[in-house]
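Next up is a structure, given as structure tokens.
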Amino acid sequence: MPIVVQELLSLDLLDFVRGTLDTMTGSMLYYLTALLASSNVLQSNVGVQRVGAQYLLGLGTGDITGPVVETNMMGYANLAQTDTGLHMRQRSRVFIVAEEDNPSNTIVFINADIAMGDTGVRRSIVSTLTDMYSGLYTNENIAFVGTHQHSGVGGYLENLLPQITSLGYVAATANAIVQGTVLAVQRAHDSLAPGSLSLGNTTVLNANINRSPSAYLANPAEERAKYEFDQDKELTLLRFDDTNGNARGFLSFFAVHGTSLYENNTLISGDNKGMAAYLYESMVEPNATPGNATFVAGFTQANVGDTSPNTLGAFCESPGETYDGMSCDFDHSTCGGTVEDCHGRGPGFRISDFASNEIIAQYQMDGAQTVMEASNRSSVTGSVRSVHVYLDMANHTFTLPNGTTVQTCPAAMGFAFAGGTTDGPGAFDFIQGDNSSQPQNPFWEIVKDFVTPAPSAAQIACQNPKPILLNTGYADLPYQWSPSTVDIQMLRVGQLVMLVMPGELTTMSGRRIREAVRSTLISSGVLDNDAYVVIAGPANTYAHYVATLEEYSVQRYEGASTIFGQYTLDAYIDKYTSLVPFIADTVTGTPASDAAPAEQTSSAISLQLPVVFDAAPLGSSFGKVQTDVSSTPYQTGQTVFATFVGANPRNNLRLEETFLNVDRLVSGAWQAFRTDSHPSTTYSWVQTSTILGTSQVNITWTIEDGTPSGTYRIRYFGDSKPLIGSISSFTGQSGNFTVS
């Protein structure tokens, strides 16, 4: 830690420093701060001592929302779930931590409102940042973590399997993620300033359940007896403070699936973690437009694999059947023998899935607020370190702690993968809990080998007891269907160690790897008993699920989606624990690494057609009001609705902008009151004629409690593409209306 300056600097020197600082950029300030720190000459103002700072902290946000229409949504792998508009924008929230005395020891944690991190997108982000900040932000210290929400824009993943429902690769989605994330990093970098960190946790109840309890029960009874719940209820939070003790933001870790919004939703949103971030940031800065708050709230995903936000449980929705309204089958999550009618219900089920989404978000926000306001957080002190290697998980051989040599397998998906989950059920006669001890439908046994190569006897034995449906590890036409090589990464900030995981760990998998890494940290002397380990993922590469060996044997969805076989978790434990010496205070050498995965984006196929042209109906014009607001005063809780002659929003994603404004008249001047980033508004687009190129935009605003009475209007911002010529922008405006 730098020594606090006891003597005041001369006023002449202070005046000189102040004048110099006024002309400096954020990046210049970064290095000046480091220089001053190393010289023990850091002081915020005359007579004010800076106490407790030992890190440089930067936080930033960027808009990463891709095309909000005509694009498959990512998460449920449902071809019919094509987006039709926008509920809330997706964002990347970035947290930079560097040692104050040695700023080259730094980490960049990206928490993105997307389903999962991806190799290709991360490669582009890393490449751009290493060009911008040579030698500072690198492949080793940049973590790209998804919140695992299922209501975002799809088509950005590099491997073929997740591209199938999005009709291939969607460059516009990937480019938006890269562009917005890089901007968020720039903003975080420019905000770097001395500060302190503190760590705490709390129990959050009613925000998650285990959606595969029968698989969890396969874990040893003595292991289960150590835990009160069959999923983690602990929310861990890292608080970022400035030198005066004012909070700048936080990074929290809590396990709950981003499936509050169901697969019949077609409005792009951030699901419960994106909503939680909005709620917290708007509480701290109520007058800031979403995305422009200086306070940054990070709600990160943890060991999410078998968790669900649909906390009422799973029920049969089978009108006319005797089992309608009954709980689904415990072992297989079926209703009448099939999975299609078995649906999880969120806490706001009787209202809407959007109501459930806000409830689950509020629980997480409340938990974060509890820790932020607690007086017993632990100060974070110590080194900032990062380690990153690649690991080829196809046929990776290693030794278990008991001395047995085992290996992982080339990727494969089991039959129960197609059975889906209670958050998003599958189709046909696929069910969960379907292992090799049970006969498979002979039709699918024949058909599957026309989709991917037939598995060899060695692959069948390696993946046993998983009955292989898709042998994706051997499918490489037109390019790889599933990853083989994954990113292995750990970040350390003082006594906090973040395991950045390339997949979705189940509850017990997360507990085992956390415990193993923490034990190694302590036994090797890297950290003391105050070592704290958290999981962040799915990140960097999406390698599907990580079930325990016992859960794998049951072959519910999570086991069937553990693509590298029954020893996947053990392989990760072995590799992550082996890397502990590389996050010690003193590091010698570099860890061994497999080769990076081959780049595939340049070979990607896309079947999404471009926008051909937009046209207004005969006698009309773009932006013209078709259905205007009511002249009758509106009350709190009512919904204002207006429609406009529209154009395809794929013409301009309007990153860092908005498709709509709700304006308020204040002292004779219009002021923006709501945008498309507020959850009280929705924007939807309907193609009324493909041949004529006409379309309609629908905008709603549900008036919140506490809305000031007065005069309002709705504005629509669009961009039209002619058959010949360039895209041009336009604005539509509703009539004025009153809120009383």
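The values are calculated or read from the model by the stated rules, or taken from the named source; none is laboratory data. What you see is a predicted model; the values in this text were computed from it and never measured. Ideal geometry is used to build each Cβ from the backbone, glycine not excepted, and the neighbour counts take in all protein chains shown. The accessibility values were calculated without ligands, DNA or RNA, using every heavy atom of the protein model including side chains. Shrake-Rupley method; radii C 1.70, N 1.55, O 1.52, S 1.80 Å.
ALA172 - would you say it is under 16 Å from ARG122 (Cα atoms), in contact (Cβ under 8 Å) with a residue 40 or more places away in the chain and open to solvent by 30 Å² or more (accessible area, probe 1.4 Å)?
Here the answer is yes, as ALA172 does meet what is asked.
What number goes with the only condition from (1) over 18 Å from the mean Cα position of the chain (by Cα); (2) open to solvent by less than 10 Å² (accessible area, probe 1.4 Å) that THR520 does not pass?
Just one mismatch for THR520, condition (2).
Kindly provide the set of residues from the stretch 387-405 that are touching a residue at least 12 places away in the same chain (Cβ under 8 Å) and either under 21 Å from GLN480 (Cα atoms) or out of contact with any helix residue (DSSP H, G or I) (no Cβ under 7 Å at 6 or more places or on another chain) (or both), ordered by number.
Across the stretch 387-405, the qualifying residues are HIS388, VAL389, TYR390, LEU391, ASP392, MET393, ALA394, ASN395, HIS396, THR399.
Collect the residues in the stretch 628-651 that are of a type in the set (A, V, I, L, M), part of a loop (DSSP other than H, G, I, E, B) and over 32 Å from the mean Cα position of the chain (by Cα), keeping them in residue-number order.
VAL629, the sole residue that qualifies.
Mind listing whichever residues of the stretch 346-370 are open to solvent by 40 Å² or more (accessible area, probe 1.4 Å), assigned to a helix (DSSP H, G or I) and not charged (D, E, K, R)?
PHE354, ILE359, GLN362, TYR363, GLN369, THR370
Condition check: modelled with pLDDT of 95 or more, surrounded by 18 or more Cβ atoms within 10 Å (Cβ to Cβ), at positive phi and not in a strand (DSSP E or B). Does GLY623 satisfy that?
yes
Do you know which of the residues in the stretch 626-658 that are over 30 Å from GLY62 (Cβ atoms) and of a type in the set (A, V, I, L, M, F, W, C) is least open to solvent (accessible area, probe 1.4 Å)?
Of everything passing the filter in the stretch 626-658, VAL645 is least open to solvent (accessible area, probe 1.4 Å).
Select from the stretch 277-300 the residues that are among the small types (Gly, Ala, Ser) and part of a loop (DSSP other than H, G, I, E, B) and write down the one among them that is nearest to VAL686 (Cα to Cα).
That would be GLY291.
Moving on to the next point. Under 6 Å between Cβ atoms, at least 6 apart or on separate chains: pull out the pairs that start in the stretch 514-531 with a residue that is under 23 Å from VAL304 (Cβ atoms) and end on any residue that is open to solvent by less than 60 Å² (accessible area, probe 1.4 Å) and among the aromatic types (Phe, Trp, Tyr).
VAL517/TYR576
I'm told GLY274 meets every condition in (1) open to solvent by 10 Å² or more (accessible area, probe 1.4 Å); (2) outside any strand (DSSP E or B) except one. Can you identify the failing condition by its number?
Status for GLY274: all satisfied but (1).
Still on this structure, I have one more. For the stretch 627-679, what are the residues that are in contact with a helix residue (DSSP H, G or I) (Cβ under 9 Å, 6 or more places away or on another chain) and not acidic (Asp, Glu)?
Answer for the stretch 627-679, where residues must be in contact with a helix residue (DSSP H, G or I) (Cβ under 9 Å, 6 or more places away or on another chain) and not acidic (Asp, Glu): ARG650, LEU653, LEU655, PHE659, SER677, HIS678, PRO679.
Just need a number here: residues in the stretch 693-704 that are outside any strand (DSSP E or B) and open to solvent by 10 Å² or more (accessible area, probe 1.4 Å).
Adding up the residues that qualify gives 1.
Also, quick follow-up: Name the residues in the stretch 448-472 that are part of a helix (DSSP H, G or I) and either among the acidic types (Asp, Glu) or open to solvent by less than 20 Å² (accessible area, probe 1.4 Å) (or both), would you?
Matches in the stretch 448-472: ASP449, GLN459, GLN463, THR472.
Quick check on PRO67: is it open to solvent by less than 10 Å² (accessible area, probe 1.4 Å), in a loop (DSSP other than H, G, I, E, B), over 21 Å from LYS273 (Cβ atoms) and in contact (Cβ under 8 Å) with a residue 12 or more places away in the chain?
Taking the combined requirement at face value, the residue satisfies it.
Can you spot a residue in the stretch 138-146 that is among the hydroxyl-bearing types (Ser, Thr, Tyr), within 24 Å of ALA547 (Cβ to Cβ) and surrounded by fewer than 24 Cβ atoms within 10 Å (Cβ to Cβ)?
No; the residues of the stretch 138-146 include none that is among the hydroxyl-bearing types (Ser, Thr, Tyr), within 24 Å of ALA547 (Cβ to Cβ) and surrounded by fewer than 24 Cβ atoms within 10 Å (Cβ to Cβ).
For residues that are open to solvent by less than 10 Å² (accessible area, probe 1.4 Å), farther than 23 Å from PHE250 by Cα and within 16 Å of the chain's Cα centre (by Cα), tally how many sit in the stretch 86-119.
Qualifying residue count for the region: 1.
Give the stretch 228-263 a look and list any residue that's assigned to a loop (DSSP other than H, G, I, E, B), buried (at least 24 other Cβ atoms within 10 Å of the Cβ) and in contact with a strand residue (DSSP E or B) (Cβ under 7 Å, 6 or more places away or on another chain), or say none.
Within the stretch 228-263, GLN231, PHE254, ALA255, VAL256, HIS257, THR259 meet the criteria.
Related question: Within the stretch 534-589, which residues are surrounded by fewer than 24 Cβ atoms within 10 Å (Cβ to Cβ), in a loop (DSSP other than H, G, I, E, B) and touching a Phe, Trp or Tyr at 6+ places or on another chain (Cβ under 6 Å)?
Of everything in the stretch 534-589, those that are surrounded by fewer than 24 Cβ atoms within 10 Å (Cβ to Cβ), in a loop (DSSP other than H, G, I, E, B) and touching a Phe, Trp or Tyr at 6+ places or on another chain (Cβ under 6 Å) turn out to be SER561, GLN566.
Moving on to the next point. Can you pull out the residues in the stretch 386-419 that are small (Gly, Ala, Ser) and open to solvent by 10 Å² or more (accessible area, probe 1.4 Å)?
Within the stretch 386-419, SER386, ALA394, GLY403, ALA418 meet the criteria.
Name the residues in the stretch 705-726 that are farther than 22 Å from THR632 by Cβ, in a loop (DSSP other than H, G, I, E, B) and open to solvent by less than 80 Å² (accessible area, probe 1.4 Å), would you?
Within the stretch 705-726, LYS721, PRO722, GLY725 meet the criteria.
Can you confirm whether ASP131 is surrounded by 24 or more Cβ atoms within 10 Å (Cβ to Cβ) and acidic (Asp, Glu)?
It is false that ASP131 is surrounded by 24 or more Cβ atoms within 10 Å (Cβ to Cβ) and acidic (Asp, Glu).
Still on this structure, please answer the following. Looking at the stretch 603-617, can you tell me whether even one residue there is more than 25 Å from SER482 (Cα to Cα), assigned to a helix (DSSP H, G or I) and of a type in the set (Val, Ile, Thr)?
no
Within the stretch 110-145, track down each residue that is part of a helix (DSSP H, G or I) and in contact with a His (Cβ under 7 Å, 6 or more places away or on another chain).
Matches in the stretch 110-145: none.
Suppose we filter the stretch 424-447 for residues that are outside any loop (DSSP other than H, G, I, E, B) and at pLDDT below 80; how many remain?
6
Condition first: of a type in the set (D, E, K, R) and closer than 28 Å to VAL526 by Cβ. Can you find one or more residues in the stretch 547-554 that meet it?
So far as the stretch 547-554 goes, no, none of its residues is of a type in the set (D, E, K, R) and closer than 28 Å to VAL526 by Cβ.
This table checks each residue for (1) at negative phi; (2) at pLDDT 95 or above; (3) not hydrophobic (A, V, I, L, M, F, W, C).
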{"site": "PRO649", "(1), (2), (3)": "yes, yes, yes"}
{"site": "ARG654", "(1), (2), (3)": "no, yes, yes"}
{"site": "ILE699", "(1), (2), (3)": "yes, yes, no"}
{"site": "SER729", "(1), (2), (3)": "yes, yes, yes"}
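Quick test of your reading of the structure: THR601 fulfils all but one of (1) under 30 Å from GLN495 (Cβ atoms); (2) within 32 Å of the chain's Cα centre (by Cα); (3) open to solvent by 30 Å² or more (accessible area, probe 1.4 Å). Name the failing condition by number.
Status for THR601: all satisfied but (1).
Pull out all pairs, ordered by first then second residue, where Cβ-Cβ is under 9 Å, the residues are six or more apart or on different chains, the first lies in the stretch 362-375 and is among the hydroxyl-bearing types (Ser, Thr, Tyr), and the second is open to solvent by less than 10 Å² (accessible area, probe 1.4 Å) and in a helix (DSSP H, G or I).
Listed by first residue and then by second, the contacts come to TYR363/ASN272; TYR363/ALA276.
Do we find a residue being open to solvent by less than 20 Å² (accessible area, probe 1.4 Å), at pLDDT 95 or above and of a type in the set (Asp, Glu) anywhere in the stretch 493-508?
Within the stretch 493-508, one or more residues are open to solvent by less than 20 Å² (accessible area, probe 1.4 Å), at pLDDT 95 or above and of a type in the set (Asp, Glu).
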